[in-house]
Amino acid sequence: MNIHITVRNSRITDQVKEYITDKLEKIEKFSHKNIDVNVILDIQKYRSIAEVNVKTNLTTIHCTEEDTDMMVVCDRVVDRINRQMRKSKERVQHHRGEANLHEVEQMLNSIGSEKVVADTPIYAHNIEHENLECQEKSIDEAVSYLKSHRTSLLLFINSESKKYNILYQVADGEFELFEQKDHQAQGKGSMYFIKHLLYVTNGTADAKQIEIKGFEEFMVDFLTPDQAADFVKEKEYLFHFFLNRNNGKICMLQSRKNGSFGLFNLTAE
């Protein structure tokens, strides 16, 4: 295992370098050999930053963390590296069934690791790809579904526009309806969504009245799934739309109660 540390500020002590070195040496359990680790430590005014790049036979991982305390930053960045290394090992072992890690590494050396792991991205967060099995519904039917199933979020195909729509219940009788803007009306490299505000009042016993009050057009962010997960956690959102840096697709990331995330592609394959 080779660890190289670059320090960009004289305020970073040898104690800090030894601390992160000791923590990084423990990741060797996830790969038997050929681990190259490059670390950059920097302090900018009140910001302490640690950037770590790990290259093994299994994968290449890049993580950056920042905080006011350099020790805290070191803990966080190594924790993220550990999670990604663990996922990398589990996925490759699953690929080979009962094969041990040494055999897997020999296999990767012979055929090239990119061919094995290119379609299985490794995330710092617990993000699971979800298959879309949306039902076609009218907006009325979508509202009725949310109210009857006592859930706050529904992804469906609008029976009128034939596009993916997302209905979110903000409060009792108040909803937000999201739909993708027509592709022809969008600029290259950008993607817009339209948010409608819906107010629902009970009519007869069998019917409901839906009033649409205005709309808001917004451009989605260009993010990786991990960045989207960071944003959702920071803002305490239930979901977030973004243009996926990894594959160029419009995606929705949904937060779950257990701390994991569901990732949905809203762009047809």
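Table for the structure above
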{"item": "Every residue from segment 218-241 that is exposed (fewer than 14 other Cβ atoms within 10 Å of the Cβ), over 23 Å from residue 194 (Cβ atoms) and of a type outside the set (Lys, Arg)", "result": "234, 236"}
{"item": "Residue in segment 79-88 that is over 30 Å from residue 265 (Cβ atoms), at pLDDT 80 or above and surrounded by 18 or more Cβ atoms within 10 Å (Cβ to Cβ) present", "result": "no"}
{"item": "Single unsatisfied condition, residue 218 versus (1) part of a loop (DSSP other than H, G, I, E, B); (2) touching a residue at least 24 places away in the same chain (Cβ under 8 Å)", "result": "(1)"}
{"item": "Top-ranked residue of segment 54-76 - restricted to ones that are within 17 Å of the chain's Cα centre (by Cα) and surrounded by 15 or more Cβ atoms within 10 Å (Cβ to Cβ), ranked as modelled with the lowest pLDDT", "result": "61"}
{"item": "Restricting segment 242-268 to residues that are in contact (Cβ under 8 Å) with a residue 24 or more places away in the chain and surrounded by fewer than 17 Cβ atoms within 10 Å (Cβ to Cβ), the residue that is farthest from residue 129 (Cα to Cα)", "result": "259"}
{"item": "Among (1) in contact with a strand residue (DSSP E or B) (Cβ under 7 Å, 6 or more places away or on another chain); (2) at pLDDT 85 or above - the single one residue 15 does not satisfy", "result": "(1)"}
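This table checks each residue for (1) in the same structural domain as residue 200 (by TED's automatic domain parsing); (2) part of a helix (DSSP H, G or I); (3) more than 23 Å from the chain's Cα centre (by Cα).
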| site | (1), (2), (3) |
| --- | --- |
| 142 | yes, yes, yes |
| 145 | yes, yes, yes |
| 148 | yes, yes, yes |
| 156 | yes, no, no |
| 167 | yes, no, no |
| 175 | yes, no, yes |
| 179 | yes, no, no |
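The values are calculated or read from the model by the stated rules, or taken from the named source; none is laboratory data. The model shown is predicted, which means the values in this text are computed figures rather than measured ones. So basically every Cβ, Gly included, is an ideal-geometry build from the backbone, and we count neighbours across all protein chains shown.
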